[in-house]
């Protein structure tokens, strides 16, 4: 018997990276999985590869989230698992942050996440589980990440309050804080390849385990946290970062 047999799971941003790997893992563990994402083409391709349901929904558009919820309700009824994963990373130094950068990151990473929970909550079963994807950037003070880090710090604070308020329905709410993970998110920053490679090399040298995480590493943790094996865990944050957050001064 698989750990998630009979469960219905929604993964936002499920067409690539951590979302894709987590959708795959949840399905392997027995869940019926629905993925969402902004690009119809990418969502449909990923859904076909994974053998799951795909729905196009941009979390910046609250009416699109409403439509996704209605589609899930009509086809699957209530859900048991919500992985709030959709997000962007757009680095910029203080002094060069534009209003558009601020609004887009806050809109996707925080507002979009909050309203994903708000909209899906009516169809989330009592005893269900919500996982919010955050980041160790909420704590590290890493240069060029002021707004991105702020969205993740807000997400962690929201997670703690949500866990308290939803405990009466036995809904567990937890946050996962990855360190550097090899995903397409970095390639979407617009940074030149040479700069990206330099950034990756410098970052990897700071990780005690001397490697980037893999999306599958995060997927394994999420799959555990949404299962009954983690039934006494709520309001928690899990760093999964190769040790970087406890060794912030480690170099070489």
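Structure summary
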| item | result |
| --- | --- |
| Of 135, 21, 231, the one that fluctuates the most in a GNM where the chain has Cα springs shorter than 10 Å | 231 |
| Per-residue Cβ neighbour rank within 10 angstrom, fewest leading, 212, 224 | 224, 212 |
| Which of 136, 94, 88 has the fewest Cβ neighbours within 10 Å, and the rest in rising order | 94, 88, 136 |
| Computed E for residue 209/residue 61 - FRET, C-beta separation, R0 35 angstrom, nearest 0.05 | 0.35 |
| Average Cα contact separation per residue, region 8-239, under 8 Å, 6 or more apart, as relative contact order % | 21 |
| Residue order, fewest to most surrounding Cβ atoms within 10 angstrom, among 11, 222, 173, 114 | 114, 173, 222, 11 |
| Stretch gain in nm, segment residue 74-residue 165, where the contour uses 0.36 nm per residue and the Cα spacing is subtracted | 30.0 nm |
| Förster-model FRET efficiency, 51 Å R0, residue 44 and residue 247, C-beta, rounded to 0.05 | 0.75 |
| Globularity index of the chain, i.e. its alpha-carbon radius of gyration over 2.2 N^0.38 Å | 0.97 |
| Helix-only CD estimate at 222 nm, as mean residue ellipticity for the chain, using -39500 (n - 2.57) per DSSP H run (n ≥ 4) | -12500 deg cm²/dmol |
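Every number in this text was worked out from the coordinates using simple rules, so none of it is lab data. Fair warning: this is a prediction, and the values are worked out from it, not measured in the lab. As a convention, Cβ positions derive from the backbone with ideal geometry for all residues, glycine included, and neighbour counts pool all protein chains shown.
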